[in-house]
Amino acid sequence: MNRRWHAYVITLILLVLATPLWGAETKPSSEPVEITSHKMVSEKGGEKIIFLGEVVAKQGDTTLYCEEMHVFQEQGGSQIQRIEAYRQVRIVQEGRVATGDRGTFFQLERKVILQGNARAVSGQDEVEGETITYFLDQENIQVDAPEGGRVKATFSPKGEPQ
């Protein structure tokens, strides 16, 4: 992939996945996270919190939709270790959308993974594959094709390159 295409892919993924809800900002957002669902279950003294049924998690201009979300915290609940979203995962932020069957944010590794029919769309640009992995600190992405398939990326020209 030449440098221009690589820059487009990175920009697209950054725009779609760099959301405060999934920890993609280098500094934490001070905005509250509001989560609604049909049911919430706290396990292991609050180390694991499960939200079930039409889950909607909103922070600022970013909204995560899914059917089930698990939040894993360190002992004592002081810091999130991992967030897992299942079934019909959709992240929406100002005209950008990322979807997949499952989404996981790993705090320690500072990465976001969308799995299963993963797709990221910003305007007319899009990229899709079986898995999209975004390494937050390195600002690198990896899109993996489904077995026997191929990654698909579509980019619309934005004007003359500089």
Legend entry - Rg ratio (alpha-carbon, reference 2.2 N^0.38 Å) - the stretch 73-162: 1.23
Legend entry - V33 long-range amide H proximity, modeled H, under 5 Å: none
Inset, instruction - Could you rank the peptides 134-144, 99-109 by their average count of other C-beta atoms within 10 Å per residue, with the highest value first? - result: 99-109, 134-144
Legend entry - Proximal charge balance of K39 [Cβ under 12 Å; K/R count +1, D/E count -1]: -3
Inset, instruction - Return the distance in nm (one decimal) between the two label points of a simple spin-label model at S156 and Q124, each offset 7 Å from Cα along Cα→Cβ. - result: 0.4 nm
Legend entry - Cα→Cβ-extended label distance, 7 Å offset, between S42 and N140, nm: 3.9 nm
Inset, instruction - Please find the FRET efficiency linking T63 to E147, where r is the Cβ-Cβ separation and R0 is fixed at 30 Å, and quote it to the nearest 0.05. - result: 0.45
Legend entry - Net charge of Cβ neighbours under 11 Å - reference Y86; Lys, Arg +1; Asp, Glu -1: -2
Legend entry - Under 21 Å from the Cα of K48 - lysines, other chains or at least 8 residues apart: K39, K58, K111
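Every number here is computed from the coordinates shown, using simple stated rules; none is lab data. Source: prediction; values computed, not measured. As a convention, Cβ positions derive from the backbone with ideal geometry for all residues, glycine included, and neighbour counts pool all protein chains shown.
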